[in-house]
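In what follows, a single structure is set out as structure tokens and then discussed.
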Amino acid sequence: MASLIRHITVDCSDAYRLGQFWAAVLDGSLADDDFPGDPEALVTAPGSTLLFVTVPDVKSVKNRVHVDLQPQDRTRDEEVERILALGATVVGDHRRPDGTGWVTLADLEGNEFCVERSAAERK
């Protein structure tokens, strides 16, 4: 067997704060030993694990890698509204009149991610 992805790591300025945001987005949880001010925060959620690492550098260009979210129990538009309420911002709205498309959002530190249609919306 080849390697497996253990987790996706995101450099950031505040690991705990960004970890809290993503735990809420993914309905996951921070590790029991993660606290404000920690240099790392580990978020475990169904199907994924994200590691946030505090670094001194600020984000300066578009992400080369990003995650695409697919809502499981709500529509794409409902999920976009929920995540915006958590503090995300819209970077690009690629929804089409026929209902296809996606929305590109940015998290609290400007890391971009997309919200696609749910499986039910794809039928």
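The values are calculated or read from the model by the stated rules, or taken from the named source; none is laboratory data. Please read all numbers here as calculations on a predicted model, not as lab measurements. For neighbour counting, all protein chains shown are included, and Cβ atoms are generated from backbone atoms with ideal geometry for every residue, glycine included. Ligands, DNA and RNA are excluded from the accessible area calculation, which covers all protein heavy atoms including side chains. Shrake-Rupley method; radii C 1.70, N 1.55, O 1.52, S 1.80 Å.
Only bridges whose two residues both fall in the chain count here: according to DSSP, what percent of them are antiparallel, nearest 5? Walk me through the numbers before you get to the answer.
Numbers: 16 of 23 bridges.
Here the share of antiparallel DSSP bridges comes out near 70 percent.
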_Once neighbouring chains are kept in place and the probe is 1.4 Å, which whole percent of the accessible area of the chain is contributed by carbon and sulfur?_
52
*Under a plain spin-label model, where a point goes 7 Å from the Cα along Cα-to-Cβ, how far apart in nm are V58 and S29?*
3.6
*On average, how much accessible surface per residue is there in the chain, in Å², for a 1.4 Å probe, leaving out ligands, DNA and RNA?*
63
*Stokes-Einstein D for the stretch 1-51 at 20 °C, 1.002 mPa s, Kirkwood Rh over Cα pairs, in µm²/s?*
192
*May I ask for log10 I(q)/I(0) of the chain at q = 0.10, 0.15, 0.23 Å⁻¹, from a Debye sum over the Cα atoms as equal point scatterers with solvent left out?*
-0.32, -0.71, -1.40
